[in-house]
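Just below is one structure, and these are the notes that go with it.
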Amino acid sequence: MVPPPHKAETELLDHSDSLPGAIKPVVPQSHTESKPIALDLSHHLSIESKIRQKSLLKVSSSYLARDPELLSLAAGLPSPSLFPIEKITASVPIAKHESARNGLWKDDGLLPGTRRDLHKEKDSSLKGHSEYDLSGALQYEQGTGSKQLLKFLKRHTEIVHNPPYRDWDCIMTGGNTHAMETVFRMLINPGDYIVLEEFAFPETVEGLKPLRARMVGIDMDAEGMRSDSLEQLLETWDEAARGGKRPGVLYTVPTGQNPTGATMSVQRRSEIYNICVKYDLVIIEDDPYYFLQMSDYIPGADPGVVQVPKTNDEFLTTLLPSMLSMDTQGRVLRLDSFSKVAAPGLRCGWITGSDGFVERVLRHNEVGLQFPSGVSMAVLHSMLTEAWGQDGYLDWLVNLRAEYTSRRNAIVSAMDKFLPREVCDWVIPSAGMFVWIRVDYTKHPHKDNGIEAVERELFEAGIENKVLILPGTWFKVNPEARDVFFRATFASVSAKDMAVAIKRFGEVLRKGFALQI
């Protein structure tokens, strides 16, 4: 593995370039001697990643950590007295544990005083009177992101995933798209193969193309990537025929996969992890929908009536274990984001992995992202630490689970009512924001024109009938298409509009397949 940071650099990470409100990172309780340390997986690093060096300007501030009386004329930090933003205020919902489980945190559902205004102000003395004040938030930050926010995220990661090896760490990102692009560049050289689901978010594919990566899409079923197909591919890999070595990286969205909505079972996650151990693959676990796991869909029931866990401990037991929580070797790089659980415009997330991999992410951040928006980190820090705390954040996640379950129920109920089962089917999603509809093109009058022609005809007919639903070929990884698929989302549309849209799509299918309307 890449050597650990020099002692001076460790001190630098602790002291944040003399920024106000600096704190030392908390060593999670799970970093115990009883756990193993990560394997040396540095052979998976790309040439680009291996040649990245420490930022000399960042390392220079380590001298301030050694001698607090040292006067610095080194760092090019603007004077906080000249920052034009004097104060920011954010209003966030506050709910007691019991009321957090009685539906959305709307104004009419909360007790008086259950919204709180959070304030961040400049500290002209720069003495760190608050843990994370506005002067610090608006100043240059380390590539790790805010140490104060990281303190919360490390504890959150420990509570939810409790990585089973000792030397893990977290580093902040600009959201999962940025994180994905960073780890791709860390692990992939031109011409390398990477395996991923046969259908993927288009930006994933577009992020790999400029790296000249060669993608292999693994067959999927109702639980996502098929472990038997993955093992067969790796076991029978022919370097001469493929023109390249066996893949060393697996990318997956195991929960509420985009676009298919598939969620891996515990057994499937374990099988895939063990296959990656057997064949020495690094796993990129991109999991922005992890907390949008839902209760079961009950046909005919009121979509708005949702059962929720009574306690946070119960909530945590209902969550499927992440691959990170199974990882004893440090081969999982887990990507988390606030985009689906708070707001995408915050552009904040974090990567969890072994110390060696996280150190390489830091090197990439220093000359790229540098760090997420300080204002965003300040708002998140206030909301998570000052307003909610760990339990309050879990209350909020339970609330999201209930809301997305209700929306999932609404769209599936409409599909049951309006879509013709004679020509289409779907798997009810148990997490995420999407439902994947398979259409049997072999029953279409124009089937001889081919899969993509039938899909395009139905897509364009949908536009004419005033419903936009995305075709599956937009998401395919492998060049061939094996059936017609469409992706529908239930994330932001009202139950009423979802029903209208699904009804219109049902009309398109019935007309296109010459079914009785």
Problem set entry | Selected residue [part of a loop (DSSP other than H, G, I, E, B), modelled with pLDDT of 80 or more and either of a type in the set (A, V, I, L, M) or surrounded by 15 or more Cβ atoms within 10 Å (Cβ to Cβ) (or both)] from 103, 143 | 143
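Among residues belonging to region 320-363 that are more than 21 Å from residue 402 (Cα to Cα) and acidic (Asp, Glu), point out the one that is surrounded by the most Cβ atoms within 10 Å (Cβ to Cβ). First the steps, then the outcome.
Residues of region 320-363 more than 21 Å from residue 402 (Cα to Cα): 323-335, 345-363.
Next, from what is left, pick out any that are acidic (Asp, Glu): 327, 355, 359.
Details: 327: 26, 355: 18, 359: 21.
Across region 320-363, the extreme among qualifying residues is 327.
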For this session: Evaluate the following for residue 233: is it more than 15 Å from residue 287 (Cα to Cα), more than 21 Å from the chain's Cα centre (by Cα) and free of Cβ contacts under 8 Å to residues at least 60 places away in the same chain?
Result: yes
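Does residue 304 satisfy being on the phi > 0 side of the Ramachandran plot, open to solvent by 10 Å² or more (accessible area, probe 1.4 Å) and at pLDDT below 95?
Numbers: on the phi > 0 side of the Ramachandran plot: no; open to solvent by 10 Å² or more (accessible area, probe 1.4 Å): yes; at pLDDT below 95: yes.
Spelling it out, it is not the case that residue 304 is on the phi > 0 side of the Ramachandran plot, open to solvent by 10 Å² or more (accessible area, probe 1.4 Å) and at pLDDT below 95.
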Seminar exercise, completed: The number of residues in region 458-499 that are at pLDDT 95 or above, touching a Lys or Arg at 6+ places or on another chain (Cβ under 9 Å) and open to solvent by 60 Å² or more (accessible area, probe 1.4 Å) is 2
Exercise. Helices (runs of 4 or more DSSP H) wholly in region 168-258 with at least 3 residues that are surrounded by fewer than 17 Cβ atoms within 10 Å (Cβ to Cβ) - which ones?
Worked result: 202-208, 227-235, 239-242
Exercise. So which residues in region 42-79 are of a type in the set (Asp, Glu) and surrounded by 13 or more Cβ atoms within 10 Å (Cβ to Cβ)?
Worked result: 48
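Considering each of 298, 283 in turn, give the residue that is open to solvent by less than 50 Å² (accessible area, probe 1.4 Å) and either β-branched (Val, Ile, Thr) or more than 18 Å from the chain's Cα centre (by Cα) (or both). Full working, then the answer.
Details: 298 fails: open to solvent by less than 50 Å² (accessible area, probe 1.4 Å).
Of 298, 283, the one residue that is open to solvent by less than 50 Å² (accessible area, probe 1.4 Å) and either β-branched (Val, Ile, Thr) or more than 18 Å from the chain's Cα centre (by Cα) (or both) is 283.
Can residue 437 be described as surrounded by 15 or more Cβ atoms within 10 Å (Cβ to Cβ) and within 28 Å of the chain's Cα centre (by Cα)?
On the way: surrounded by 15 or more Cβ atoms within 10 Å (Cβ to Cβ): yes; within 28 Å of the chain's Cα centre (by Cα): yes.
Taking the combined requirement at face value, the residue satisfies it.
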Exercise. Which pairs do you get when a residue that is under 17 Å from residue 157 (Cβ atoms), found in region 388-403, comes within reach of a residue that is hydrophobic (A, V, I, L, M, F, W, C), reach meaning Cβ atoms under 6 angstrom, with the pair 6+ apart or on two chains?
Worked result: 393/384; 397/291
Seminar exercise, completed: When residue 267 is run through (1) farther than 30 Å from residue 212 by Cα; (2) open to solvent by less than 40 Å² (accessible area, probe 1.4 Å), the failure sits at (2)
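Check 423, 427 and return the single one that is in contact with a Lys or Arg (Cβ under 6 Å, 6 or more places away or on another chain) and either under 27 Å from residue 447 (Cα atoms) or of a type outside the set (Gly, Ala, Ser) (or both).
Just one listed residue meets the conditions, 423.
The values are calculated or read from the model by the stated rules, or taken from the named source; none is laboratory data. Bear in mind the structure is a predicted one, so any value in this text is a computation, not a measurement. Don't worry about glycine lacking a Cβ; one is built from the backbone with ideal geometry, like all the others, and counts go over all protein chains shown. Calculation scope for accessible area: heavy atoms of the full protein, side chains included, ligands and nucleic acids excluded. Shrake-Rupley method; radii C 1.70, N 1.55, O 1.52, S 1.80 Å.
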